[in-house]
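Heads up, the thing below is written out as structure tokens.
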Amino acid sequence: MRIFWTLLRRELAAFFLSVTGYIIIAAVTFLVGASFVMLIKNLGTDPISMPITEVFFNSFLFWIIVILVTPVITMRLFALEKASGTFETLMTTPVGDLEVVLAKYTAAMIFYLLMWLPALACLLIVGHFANEKNALDAGTLGGVYLGIFLSGGLFLSAGCFASSLTRSQVVAAVVSLAAGVVLLIVAFLAQVVPATDQWQEQIIPYFNLFKQMDDFTRGVVNTQTVVLYASLTLFFLFLTLRVVESRRWR
Amino acid sequence: MIEVANLTKRYAGRTAVADISFTVARGEIVGLLGANGAGKSTTMRVLAGFLPATSGTARVAGYDVFYASDEVRRRIGYMPENNPLYPEMRVREYLKFRARLKGLGWRHSRRRVDTVMEQCGLADVGRRVIGQLSKGYRQRVGLADALVHEPELLILDEPTIGLDPQQIRAVRQLIKSLAEKHTVLISTHILPEAEMTCNRMVIMLNGKILAADTPDNLQRLVAGNSQIIAEIAASAEELREQLVQLPQVAHLDISAVDGTFLRCALTPRDGVDLRPLVWLLARERGWLVRELTRSRHSLEDIYVQITRPNEEEEG
């Protein structure tokens with residue numbers, strides 16, 4: 001456990017000791033800001049019956065952020081260490097493979113959540129000036145952040161896996177970006193193409209990320225979605241662990 | 001301390017280490033010697049528990065490097081080739097991080113970091129960012145890292161590569177001073193380095209061990225047909241005439257040096273030491289002798305001779 005904290009601290013520090021970390025935060029803050037301006041515009045013209053969070057987060061900007069930013073966060077994790085050789089110094093100390101994977105993933109996750117803090121500030125500003133008590137309640141806010149947490153967690157674990165496969169950061173980023181784009185296209189198709197068969201009706205909702213996020217932004221927590229995201233995340237982390245272990249039996 | 005038995009490591013389609021066996025006793029400094037690609041780094045990686053062996057066993061301090069990897073990793077300080085470090089960290093911060101990873105407690109790691117920084121001459125650069133340090137300092141950071149948890153065995157892969165002569169000296173001195181407390185396995189392809197630092201050398205070629213012995217014994221191994229150089233003041237005809245008569249001389253070469261002295265290079269037959277014979281002859285004939293030496297084989301000759309035995313015999 002002590003080793004886990006040591007590793008986590010160093011991984012987190014690595015985000016903030018590099019320019020990349022600040023560029024990511026700046027880019028996300030910019031996109032969130034743009035989203036915020038759009039929200040204000042919408043609110044300024046017509047009264048809206050939807051929760052603010054739904055307007056704010058169910059825009060394409062949210063997905064752009066998740067799709068573009070998660071590969072940049074995760075590409076470094078294993079690929080850079082493998083390329084620079086520090087993976088060798090790391091793995092020849094008495095650390096466990098699981099500790100390494102978890103520390104790296106947790107650091108990415110913490111960074112990802114910190115990155116979303118400006119969005120929270122934006123929401124609170126709107127909530128404060130909305131003159132409407134239930135414009136922003138704790139439940140919807142919690143739902144939104146759970147959605148951000150779960151969807152980000154999934155994409156980050158996939159990125160983690162991609163990074164563990166290669167020693168090139170570029171390859172790691174491209175692979176996880178491609179995976180994200182494919183997933184998003186499937187989600188988009190699931191959204192626009194109506195189901196014709198019964199089996200389609202059963203399967204398609206699982207891929208409909210937009211619908212799932214929409215639920216979260218309205219404060220609806222669907223257990224099915226939570227389990228789906230969590231299990232996929234664990235699955236990718238398990239694969240990452242196997243890749244890290246694989247140097248022992250290759 | 002190290003017991004390697006029939007170790008083989010194959011990468012896809014290539015055998016890096018082929019069935020090698022050697023042992024290293026506690027307190028020894030052993031040099032792994034060989035050209036690039038001879039299998040030194042692979043052997044070290046297996047010993048450090050980073051790569052598994054294809055077959056055969058390797059034990060460190062009695063623990064198998066594969067099955068008791070944790071125990072082994074706790075006992076070794078490993079510095080890989082090219083000494084990879086985190087460039088964005090500060091020296092002290094990095095060493096502290098490494099000490100903690102290796103299981104040292106908070107207070108203990110602090111004390112050890114102070115000690116190794118003193119030992120490796122890093123006391124002045126503790127706050128500097130590693131990426132901005134000179135190569136010599138970075139190498140010392142790598143060494144300090146290998147030492148920080150007081151390992152029983154140090155495995156150093158080319159620790160002096162890319163350093164200037166002054167720094168090489170400092171690092172060598174450091175390694176020698178470590179020998180009192182630690183067992184050291186060091187790889188190099190620079191021969192004088194091994195000659196100066198190691199008690200014993202293991203010479204590798206194409207994944208096999210060609211010879212393993214002390215530098216002196218290796219000398220002896222090939223010293224048999226070493227040449228005698230004699231500088232004698234006499235006429236060339238007389239010298240040739242007299243020296244060729246000696247039955248022990250296989251080959252004679254006479255060249256002029258300066259003044260009246262001539263330089264004779266004599267190759268002996270069957271490894272006989274020709275020096276007393278030449279001396280007797282010189283006394284008998286009343287020659288003036290200025291120099292009489294047996295050319296000591298440098299490690300380089302030994303190495304070349306051992307790694308290319310066939311060519312040497314034919315040539």
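The values are calculated or read from the model by the stated rules, or taken from the named source; none is laboratory data. Please read these numbers as outputs of a predicted model, since none were measured by experiment. Please note: Cβ atoms are built from the backbone with ideal geometry, for glycine as well, and neighbour counts cover all protein chains shown.
Counting only residues that are out of contact with any Asp or Glu (no Cβ under 6 Å at 6 or more places or on another chain) and crowded, with 24+ Cβ neighbours inside 10 Å, which one in the range B:184-196 is farthest from B:GLU3 (Cα to Cα)?
B:ALA194
Is it the case that the range A:21-36 has a residue that's within 13 Å of chain B (Cβ to nearest Cβ), touching a helix residue (DSSP H, G or I) at 6+ places or on another chain (Cβ under 6 Å) and free of Cβ contacts under 8 Å to residues at least 12 places away in the same chain?
no
For (1) surrounded by fewer than 17 Cβ atoms within 10 Å (Cβ to Cβ); (2) not hydroxyl-bearing (Ser, Thr, Tyr), each residue gets a yes or a no:
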| residue | (1), (2) |
| --- | --- |
| A:ILE23 | yes, yes |
| A:ALA26 | yes, yes |
| A:GLU54 | no, yes |
| A:ILE65 | no, yes |
| A:LEU90 | no, yes |
| A:THR93 | no, no |
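Got a number for residues in the range B:6-58 being aromatic (Phe, Trp, Tyr), more than 22 Å from B:ASP213 (Cα to Cα) and out of contact with any helix residue (DSSP H, G or I) (no Cβ under 6 Å at 6 or more places or on another chain)?
Qualifying residue count, the range B:6-58: 1.
Quick one: would you say A:PHE16 is within 14 Å of chain B (Cβ to nearest Cβ), hydrophobic (A, V, I, L, M, F, W, C) and in contact with a helix residue (DSSP H, G or I) (Cβ under 9 Å, 6 or more places away or on another chain)? Break it down stepwise before answering.
Working: within 14 Å of chain B (Cβ to nearest Cβ): yes; hydrophobic (A, V, I, L, M, F, W, C): yes; in contact with a helix residue (DSSP H, G or I) (Cβ under 9 Å, 6 or more places away or on another chain): yes.
Considered against the rule, which asks whether it is within 14 Å of chain B (Cβ to nearest Cβ), hydrophobic (A, V, I, L, M, F, W, C) and in contact with a helix residue (DSSP H, G or I) (Cβ under 9 Å, 6 or more places away or on another chain), A:PHE16 comes out as yes.
For the range B:83-92, indicate whether the set of residues that are surrounded by 20 or more Cβ atoms within 10 Å (Cβ to Cβ), polar (S, T, N, Q) and within 23 Å of the chain's Cα centre (by Cα) is non-empty.
yes
Hey, does the range B:177-186 have a residue that's at pLDDT below 85, of a type in the set (Asp, Glu) and out of contact with any His (no Cβ under 8 Å at 6 or more places or on another chain)? Working first, answer last.
Let us first name the residues in the range B:177-186 that are at pLDDT below 85, namely B:177-181.
From what is left, the residues that are of a type in the set (Asp, Glu) are B:180.
Now drop any that are not out of contact with any His (no Cβ under 8 Å at 6 or more places or on another chain), which leaves B:180.
Among the residues of the range B:177-186, at least one is at pLDDT below 85, of a type in the set (Asp, Glu) and out of contact with any His (no Cβ under 8 Å at 6 or more places or on another chain), which makes the answer yes.
Given the criteria closer than 20 Å to A:THR225 by Cβ and modelled with pLDDT of 85 or more, does A:ALA178 qualify? Steps first, answer last, please.
Numbers: closer than 20 Å to A:THR225 by Cβ: no; modelled with pLDDT of 85 or more: yes.
Considered against the rule, which asks whether it is closer than 20 Å to A:THR225 by Cβ and modelled with pLDDT of 85 or more, A:ALA178 comes out as no.
Any idea which of A:VAL221, A:VAL186 is on the phi < 0 side of the Ramachandran plot and either free of Cβ contacts under 8 Å to residues at least 24 places away in the same chain or part of a helix (DSSP H, G or I) (or both)? Reasoning before the result, please.
Numbers: A:VAL221 fails: either free of Cβ contacts under 8 Å to residues at least 24 places away in the same chain or part of a helix (DSSP H, G or I) (or both).
None of the other options fit; the residue is A:VAL186.
Can you tell me which residue in the range B:16-40 is nearest to the other protein chains (Cβ to nearest Cβ), limited to those that are crowded, with 21+ Cβ neighbours inside 10 Å and closer than 12 Å to B:ILE186 by Cα? Steps first, answer last, please.
Step one: filter the range B:16-40 for residues crowded, with 21+ Cβ neighbours inside 10 Å, giving B:16-17, B:20, B:24, B:29-34, B:38-40.
Filter once more, so that each one left must be closer than 12 Å to B:ILE186 by Cα: B:24, B:29-34, B:40.
Numbers: B:VAL24: 18, B:ILE29: 20, B:VAL30: 19, B:GLY31: 21, B:LEU32: 17, B:LEU33: 22, B:GLY34: 20, B:LYS40: 15 Å.
It comes out as B:LYS40.
Could you go through the range B:233-240 and let me know if any residue there is within 34 Å of the chain's Cα centre (by Cα) and of a type outside the set (D, E, K, R).
Applying the first criterion (within 34 Å of the chain's Cα centre (by Cα)) to the range B:233-240 yields none.
Looking through the range B:233-240, none of the residues is within 34 Å of the chain's Cα centre (by Cα) and of a type outside the set (D, E, K, R).
When you scan the range A:1-96 for helices (runs of 4 or more DSSP H) that lie fully inside it, which ones turn up with 3 or more residues that are under 15 Å from the mean Cα position of the chain (by Cα)? Let's see the steps before the verdict.
On the way: elements: A:2-17, A:19-45, A:52-57, A:60-74, A:76-84, A:86-91.
Result: A:19-45, A:60-74.
Which of the residues that make up the range B:108-146 are among the hydroxyl-bearing types (Ser, Thr, Tyr) and in contact with a Ser or Thr (Cβ under 8 Å, 6 or more places away or on another chain)?
If we filter the range B:108-146 for residues that are among the hydroxyl-bearing types (Ser, Thr, Tyr), which is where we start, we get B:109, B:115, B:134, B:137.
Residues satisfying the conditions do not exist here.
Any residue in the range B:61-77 that's farther than 13 Å from A:THR92 by Cβ and free of Cβ contacts under 8 Å to residues at least 24 places away in the same chain: show its pairings with residues that are in a helix (DSSP H, G or I) and hydrophobic (A, V, I, L, M, F, W, C) at Cβ separation under 7 Å, as long as the two are six or more apart or on different chains.
B:TYR63/B:VAL72
Please determine, by comparing only the residues of the range A:81-113 that are within 11 Å of another protein chain (Cβ to nearest Cβ) and in contact with a Ser or Thr (Cβ under 8 Å, 6 or more places away or on another chain), which one is nearest to A:CYS160 (Cα to Cα). Reasoning before the result, please.
Kept after step one, since they are within 11 Å of another protein chain (Cβ to nearest Cβ), are these residues of the range A:81-113: A:81-97, A:99-100, A:103.
Of the ones still in play, those that are also in contact with a Ser or Thr (Cβ under 8 Å, 6 or more places away or on another chain) are A:82-83.
Working: A:LYS82: 13, A:ALA83: 15 Å.
Taking the candidates together, the pick is A:LYS82.
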